[in-house]
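The values are calculated or read from the model by the stated rules, or taken from the named source; none is laboratory data. The structure displayed is predicted, hence computed values, not measured ones. In this analysis, Cβ positions are derived from the backbone assuming ideal geometry, glycine residues included, and neighbour counts consider all displayed protein chains.
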Amino acid sequence: MIQDDEEARNFYMGEEPISHPSDALLNEWIARIRSGERRPEIDGIARTILRDFYLRNFLGVEQSRVVTNWLADAFSEILDHKDPLLAFGLMRRPNKRPPDSSKGINVAMWVACAERLGLSRPDAKREAAEVFHMDESNVGKLIRKTGALEWMNPDTNALIEYFALLGKPLPASPGTK
């Protein structure tokens, strides 16, 4: 199991290094994005370019000049009040698509952990709102939508370890505030 960034970097830079898209291919892809086409294929291309940018940054590999120019142009368009999704060639989220449930589950698990450490439900929700950067009323909505507090029963130590791996601060015990 990969424990830290250095181990991940070694894994990715190992015997079979990752092949990044060539500048010629990136130019072709960016031309298609700039053409104004809006299809799932173009969305996938844009996401591939952005993921490659993240990966190069993570690995400390030199960025493609083609991509950095495209990103600079996209940011310029955004500053000129263009829709960010259009600037990056991404599609809008389909209507009626359910939201990602992972955030709701994480919030519910955090509240459950806080309650097990001795906080009251209102205090746990208030702290969860701070930790997850959201309004307190949204914490309650997420918990109700996922229903996670009703069916979830992991060990408190497992929850503490999980949130430590996520880098989220742990709930404060009532006496340690």
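Which of the residues belonging to region 129-148 are surrounded by 15 or more Cβ atoms within 10 Å (Cβ to Cβ), at pLDDT below 90 and small (Gly, Ala, Ser)?
Correct list: Gly140, Ala148.
Considering each of Asp100, Asp43, Asp80, Asp123 in turn, give the residue that is of a type in the set (Asp, Glu), out of contact with any Ser or Thr (no Cβ under 8 Å at 6 or more places or on another chain) and modelled with pLDDT under 85.
Working: Asp43 fails: modelled with pLDDT under 85; Asp80 fails: modelled with pLDDT under 85; Asp123 fails: modelled with pLDDT under 85.
From the options Asp100, Asp43, Asp80, Asp123, the qualifying one is Asp100.
List pairs: first in region 110-139 and farther than 14 Å from Tyr162 by Cβ and of a type outside the set (Ser, Thr, Tyr), second surrounded by fewer than 20 Cβ atoms within 10 Å (Cβ to Cβ) and at pLDDT 90 or above, Cβ under 7 Å, 6+ apart or cross-chain?
Every condition considered, the pairs that remain are Asp135/Ala129; Glu136/Arg126; Glu136/Ala129; Val139/Ala129.
What's the total number of residues in region 67-98 that are free of Cβ contacts under 8 Å to residues at least 12 places away in the same chain and within 19 Å of the chain's Cα centre (by Cα)?
The number of residues fulfilling the criteria is 7.
Wholly within region 37-121, which helices (runs of 4 or more DSSP H) include no fewer than the required count, namely at least 3 residues that are among the aromatic types (Phe, Trp, Tyr) and farther than 30 Å from Thr146 by Cα?
Values: elements: 40-59, 65-79, 84-88, 101-116.
Passing ranges, in order: 40-59.
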